[in-house]
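Have a look at the structure below, then the notes.
The values are calculated or read from the model by the stated rules, or taken from the named source; none is laboratory data. For clarity, every value in this text was computed on a predicted model and none was experimentally measured. Here the Cβ is made from the backbone with ideal geometry for all residues, glycine too, and neighbour counts use every protein chain on show.
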Amino acid sequence: MQPLVPIEVDAATGVWSTDGLPMLYVPRHFLVNNHRMTEEALGRERYARMLHEPGHRSAWFWCASEAKTHALDGMAVFEHYLKRLSQRGWGQFSLAFADATEGRAEIRVQHSAFVLAAAPGSGGRLCYMFAGWFAGAMDWVAQSRGLEMKTTCSETQCASEGASHCVFSVAP
């Protein structure tokens, strides 16, 4: 089976890239174990706050790059972002609702990598890393349309708490 996203490997350096952006390919357990240890050291709330800004910045950069590469604009970029996240093993992402003019969206996540890797009874909302990503993508969409707004995002439901899927809400 061919990968769902194009992967180029530089023969001289071994660097993997997709659409011209360097990528890393690591086992899920490696990322999740590092994530858990950092969360334990800092506390979930503090760690979630720390992840928000770099996640926001990275999503914004990714959207800008992919918009150019694929000649996309507006919400098509956000939808492409969710598609690529889904194709890369983070979970299955879909827009339940989106209004770029208002800076609002609801994103559903099924089969989140964090939920799948969690021990039974882990408790709490585990997928908070995604929050900055979705706010960053929405901010890029708004700014690409000439709208000056800054959004925030929060996980309002997590499959780790017994729900069928996770839900994230983006708002100004």
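Flag: residue 36 does not match the condition of being within 24 Å of residue 162 (Cβ to Cβ), in contact with a strand residue (DSSP E or B) (Cβ under 8 Å, 6 or more places away or on another chain) and modelled with pLDDT under 95.
Yes or no: region 36-48 includes at least one residue that is closer than 14 Å to residue 131 by Cβ and within 15 Å of the chain's Cα centre (by Cα). For region 36-48, residues closer than 14 Å to residue 131 by Cβ and within 15 Å of the chain's Cα centre (by Cα): present. Taken over region 91-117, residues that are at negative phi, in contact with a Lys or Arg (Cβ under 9 Å, 6 or more places away or on another chain), assigned to a loop (DSSP other than H, G, I, E, B) and surrounded by 17 or more Cβ atoms within 10 Å (Cβ to Cβ) amount to 1.
Residue by residue, here is whether (1) assigned to a loop (DSSP other than H, G, I, E, B); (2) surrounded by 15 or more Cβ atoms within 10 Å (Cβ to Cβ) holds:
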site	(1), (2)
22	no, no
25	yes, no
30	no, no
39	no, yes
48	no, yes
53	no, no
61	no, no
76	no, no
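Starting from residues that are free of Cβ contacts under 8 Å to residues at least 40 places away in the same chain and within 20 Å of residue 103 (Cβ to Cβ), keep the ones in region 62-81 and report whichever is farthest from the chain's Cα centre (by Cα). Among residues in region 62-81 that are free of Cβ contacts under 8 Å to residues at least 40 places away in the same chain and within 20 Å of residue 103 (Cβ to Cβ), the one farthest from the chain's Cα centre (by Cα) is 72.
Looking at this structure, is residue 167 surrounded by 24 or more Cβ atoms within 10 Å (Cβ to Cβ) and on the phi < 0 side of the Ramachandran plot? So residue 167 does not fit the description; no.
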